[in-house]
Amino acid sequence: MMIMPERHIMVQRRMSASRDSVWALYADFPNLANHWSGLRATRAIGDQATGVGARRHVDLKPIGSMEETVTAWEEGRRIDTGNQPSALVPFKRAASSLRLEQDGNGTLATFDYRYVPRGGVIGRFTGPLIDRMLTATFTDMLAATGAAAAQR
C-alpha cells in the first residue's frame, strides 16, 4: 500500500485594509461565501459561529463540498481549520491556517493549506495540477477578501 505524501501550498498577500477589517471578514466564519465569490455557498453547522469548534459547510465551485471545523482561533490573528472533504473532492484530508499580521497601515495575510490527495499513483501525478488550481483559488480568495475589507 502506497502512502501519499502530504502536499503543502502557501500564498501571501499584502492588503491595504487594516488587520481588524480583514479579521472581521474571516471571523464571520459561517459566511465566507458572502465575501468571496469563489465559493457557491457557506453556512454554519450547529449554533457556534466563532472560536475553536465552530463548523461550516462549504459548497465549492464548480462541484463538491466539505465541512470545516476551527481547530485554532487567535482573535485578530489566526484561524486554523480541519477539513472533511466529500466524495467529490480529490483529497483524503486537508487543513488550513490563515494568519494575519499588521503591515504598516495594512495587513499581511498568509494562507497555508496542507492536504493528502486521493487516488494512489494517480493522486501522485494529479497533485501538481491540484496545487496550481488551489494556489490560484487561494490567491483569488485573499485578493477578494482584501478588497472587501478595504471597502468597510
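The values are calculated or read from the model by the stated rules, or taken from the named source; none is laboratory data. The shown structure was predicted, so the numbers you read here are calculated from the model rather than taken from an experiment. Cβ atoms come from the backbone with ideal geometry, glycine included; neighbour counts cover every protein chain shown. Protein only, heavy atoms only, side chains kept; ligands, DNA and RNA dropped before computing areas. Shrake-Rupley method; radii C 1.70, N 1.55, O 1.52, S 1.80 Å.
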* Between residue 87 and residue 150, what is the label-to-label distance in nm when each label sits 7 Å out along the Cα-to-Cβ direction? -> 4.3
* **For the range 7-150, size of Cβ-based charge dipole, Lys and Arg +1, Asp and Glu -1, in debye** => 560
* To do: Give the distance, in whole Å, between the Cα centre of the range 109-139 and the Cα centre of the range 18-33.
  => 24
* Taking the convex hull of Cα positions in the chain, its mean projected area over all directions (nm²) -> 8.7
* Ranked highest first by average number of other Cβ atoms within 10 Å, how do 93-106, 12-25 line up? -> 12-25, 93-106
* What FRET efficiency, computed as 1/(1 + (r/R0)^6) with R0 = 41 Å and r the Cβ-Cβ distance, is obtained for residue 105 and residue 44, rounded to the nearest 0.05? -> 0.80
* Quick one: with all protein chains in place, what share of the accessible area of the chain is carbon or sulfur, to the nearest percent (1.4 Å probe)? -> 53
* To do: Would you work out which of 135, 150, 122 lies farthest towards the positive end of the dipole of the range 98-152? Charges go on Cβ: Lys and Arg +1, Asp and Glu -1.
  => 122
* Using a 1.4 Å probe, what is the accessible area per residue for the range 7-150, in Å²? -> 49
* Could you point to the residue in 106, 65, 22 farthest towards the positive end of the chain's charge dipole, with +1 and -1 charges on the Cβ of Lys/Arg and Asp/Glu respectively? => 65
